[in-house]
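Okay, structure first, notes after.
The values are calculated or read from the model by the stated rules, or taken from the named source; none is laboratory data. In this text, all values refer to a predicted model and were calculated from it rather than measured experimentally. No Cβ is skipped: glycine too gets one built from the backbone with ideal geometry, and neighbour counts run over all protein chains shown.
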Amino acid sequence: MYELKTKVFYSDIAEDGLAHPHQLMDYLQNCSVLDSESIGKGALKLHETGFAWIVSSWNIEIDRYPEFIEELTIRTWPYAFDRLYGHRNFDILDSQGIEIVRADSLWVMINIEKEMPKRLTKEDIEGYIIGERIDMAPMERKLPMIDAGDKLEPFRIRRMDIDTNSHVNNARYIAMAEEYLPKDRLPKTVKVMYRRAAKFGNKIFPVVKKQEEKLMVDLCDSEYKPFVSVEFTL
């Protein structure tokens, strides 16, 4: 298990003084990157070999949102590897050691140039410490595409959205999807399926659908084929 201790800084919070879903995902992402760094398999070093870990899907459960200046412990550990996928859990503890966020995630190692998955080898996973899976609902590897939603105003990908893989960073998609949440309600769960990578200069065409206590957001290309599907439970 890898632990990262931090505080909720002013740059982490929204208007309500809380760290919103995309910021929580930033915490989780940073923790997983540092876990790899700690065993000599950091993102930039791996990038030099022509490969990268990318996240395929998320399932995040949020009991409460962290507040400004609150001290947090972010923890992560892989709980399984198979031929193509790494399965990784996370949690966030408050200063009293109480779990306030938990997450399950599915990762794939890709050949950056070919943008194709790489079959995992013993060398790829050597050094990672396997833990037990958190007791959560099974990971949904696929979310349904929205069949009849509202097509909203498109927008362009900015340079600030791009990471070292020349793709939109996974947390930035969530920040985009959060724009369609009700102002006075934050989600209890966030489910994400990354279908394909958006890049600088692409235009995003959002499709949004409200269904009972769920808000579904597809971030699509001009033909309304999703780059990413997000499901918030309110």
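Would a scan of the range 58-74 turn up a residue that is in contact with a strand residue (DSSP E or B) (Cβ under 8 Å, 6 or more places away or on another chain), under 24 Å from SER166 (Cα atoms), hydroxyl-bearing (Ser, Thr, Tyr) and surrounded by 15 or more Cβ atoms within 10 Å (Cβ to Cβ)?
no
Within the range 141-154, is there a residue that is over 18 Å from the mean Cα position of the chain (by Cα), within 19 Å of PRO226 (Cβ to Cβ) and crowded, with 17+ Cβ neighbours inside 10 Å?
Checked the range 141-154: at least one residue is over 18 Å from the mean Cα position of the chain (by Cα), within 19 Å of PRO226 (Cβ to Cβ) and crowded, with 17+ Cβ neighbours inside 10 Å.
Here's a check for you: in the range 118-140, which residue that is surrounded by 14 or more Cβ atoms within 10 Å (Cβ to Cβ) and over 13 Å from ARG88 (Cα atoms) is nearest to the chain's Cα centre (by Cα)?
The residue in question is GLU140.
Run down THR49, THR76 and say which single residue is among the hydroxyl-bearing types (Ser, Thr, Tyr) and touching a helix residue (DSSP H, G or I) at 6+ places or on another chain (Cβ under 6 Å).
Step by step, each of THR49, THR76 is checked, and only THR76 is among the hydroxyl-bearing types (Ser, Thr, Tyr) and touching a helix residue (DSSP H, G or I) at 6+ places or on another chain (Cβ under 6 Å).
Can LYS209 be described as at pLDDT 95 or above and either in a loop (DSSP other than H, G, I, E, B) or within 30 Å of ASP63 (Cβ to Cβ) (or both)? Full working, then the answer.
Details: at pLDDT 95 or above: yes; either in a loop (DSSP other than H, G, I, E, B) or within 30 Å of ASP63 (Cβ to Cβ) (or both): yes.
Yes; evaluated as a whole, the condition is true for this residue.
Quick check: anything in the range 47-60 outside the structural domain of PHE227 (by TED's automatic domain parsing) and either touching a His at 6+ places or on another chain (Cβ under 7 Å) or among the basic types (Lys, Arg) (or both)? Steps first, answer last, please.
Step one: list which residues in the range 47-60 are outside the structural domain of PHE227 (by TED's automatic domain parsing), which gives 47-60.
Retained after the next criterion (residues that are either touching a His at 6+ places or on another chain (Cβ under 7 Å) or among the basic types (Lys, Arg) (or both)): none.
No, the range 47-60 contains no residue that is outside the structural domain of PHE227 (by TED's automatic domain parsing) and either touching a His at 6+ places or on another chain (Cβ under 7 Å) or among the basic types (Lys, Arg) (or both).
Of all the residues that make up the range 33-65, how many are touching a residue at least 24 places away in the same chain (Cβ under 8 Å), more than 17 Å from the chain's Cα centre (by Cα), assigned to a loop (DSSP other than H, G, I, E, B) and under 25 Å from VAL192 (Cα atoms)?
Number of matching residues: 2.
Pull out all pairs, ordered by first then second residue, where Cβ-Cβ is under 8 Å, the residues are six or more apart or on different chains, the first lies in the range 117-133 and is outside the structural domain of ILE39 (by TED's automatic domain parsing), and the second is hydroxyl-bearing (Ser, Thr, Tyr) and modelled with pLDDT of 90 or more.
Short answer, once both residue conditions are applied: ILE130/TYR79; GLY131/TYR79; GLU132/TYR79; ARG133/TYR79.
Tell me whether the range 183-203 contains one or more residues that are surrounded by fewer than 15 Cβ atoms within 10 Å (Cβ to Cβ), at pLDDT 95 or above and assigned to a strand (DSSP E or B).
The answer is yes, given that some residue of the range 183-203 is surrounded by fewer than 15 Cβ atoms within 10 Å (Cβ to Cβ), at pLDDT 95 or above and assigned to a strand (DSSP E or B).
How many of the residues making up the range 19-38 are buried (at least 20 other Cβ atoms within 10 Å of the Cβ) and over 20 Å from SER56 (Cβ atoms)?
Residues in the range 19-38 being buried (at least 20 other Cβ atoms within 10 Å of the Cβ) and over 20 Å from SER56 (Cβ atoms): 3 in total.
Is it fair to say ALA171 is free of Cβ contacts under 8 Å to residues at least 60 places away in the same chain and surrounded by 13 or more Cβ atoms within 10 Å (Cβ to Cβ)?
no
ASP16: buried (at least 17 other Cβ atoms within 10 Å of the Cβ) and either acidic (Asp, Glu) or in a helix (DSSP H, G or I) (or both), yes or no?
Against the criterion (buried (at least 17 other Cβ atoms within 10 Å of the Cβ) and either acidic (Asp, Glu) or in a helix (DSSP H, G or I) (or both)), ASP16 does not qualify.
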